[in-house]
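Working notes, beginning with the structure itself.
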Amino acid sequence: MINMDPIKKDKSQIKRERIRAVTSKILGNFNREEIEGPLLCGDTITMTDGNETVSGRVNFNPHSLKVEMVSPIRFDSVPISYATNQRSFFSRVVRNITVDGTEPFKASPYCIQTAWKILEEMYIDYLILSGMKEDLARKWEAFNMERERMLTEREEYNSSIDRMIAPLIKEKSELKRRFKAGEMKEMEYKRQRSTLIGMISDLTNKKKTGPVFHEYFNEEISLCMYIRFSPELIEKMLSPLQ
């Protein structure tokens, strides 16, 4: 029987959808500035509500589209990108999207509409984070105090996993030796070897390998779609200039 029940969403996904739905209503106050002539690679698209100006740089080729939100976030002291000499904290690449004509490539109407939609979603990310500045400030201060402890705990945790994996690797090597010595049939050897490989893989996947920063700010990251979440972004968000 086919299961017709809808896919269950986790709490973080439901929370993200609710927050984005409420925040997106703000976009109704924005007007897109008219694009004069064809949109070329490297051009900027802008929308404004009279007070806030939101801009995105559009780069594309015959195979992909990239949009980077360059305003309202500023770039002072931001690491430089080899491609644009600036790096946006908010960016998105869309593959398999077409452009018009030959070089210099011009964006197709679909390409332009997609770029606008991406910029709007990026701005929603920005608004969500802007509304959390006080919480981010407290959490950023706590993170800087707890970072070393988190790194130590992670190292100890991963070491405990390694200690559990070590005898399994040894057992796998012994299994191979017994098979080559003719002490086991091939079918039994493959069965036991497969079991050991699965156990080793499961334990390896339990190791914590991502940046502790992402682990600490996982809840905030889960609310956004196109964010390049980093310590530099937090510092920018908390800057008096923003």
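Quick notes on this one:
- Inter-probe distance in nm under a simple model that places probes 7 Å from Cα toward Cβ, at ILE197 and THR44: 5.4 nm
- Residues ILE197, ILE19, sorted so that the one with the fewest Cβ neighbours within 10 Å comes first: ILE197, ILE19
- Ranked for footprinting exposure by Cβ neighbours inside 10 Å, fewest first, MET145, MET47, MET132 give MET145, MET132, MET47.
- Sites ASN61 and GLU36 - FRET efficiency at Förster radius 22 Å, r taken between beta-carbons, to 0.05: 0.45
- For segment 27-58, GluC sites (Glu not before Pro) meeting the loop criterion (DSSP other than H, G, I, E, B) and having at most 10 other Cβ atoms within 10 Å: GLU34, GLU36.
We did not get these values from a lab; they are worked out from the coordinates using the rules stated. Being a predicted model, the structure only gives us computed values, none of them experimental. Every residue, glycine as well, gets a Cβ built from its backbone with ideal geometry; the counts of neighbours run over all protein chains shown.
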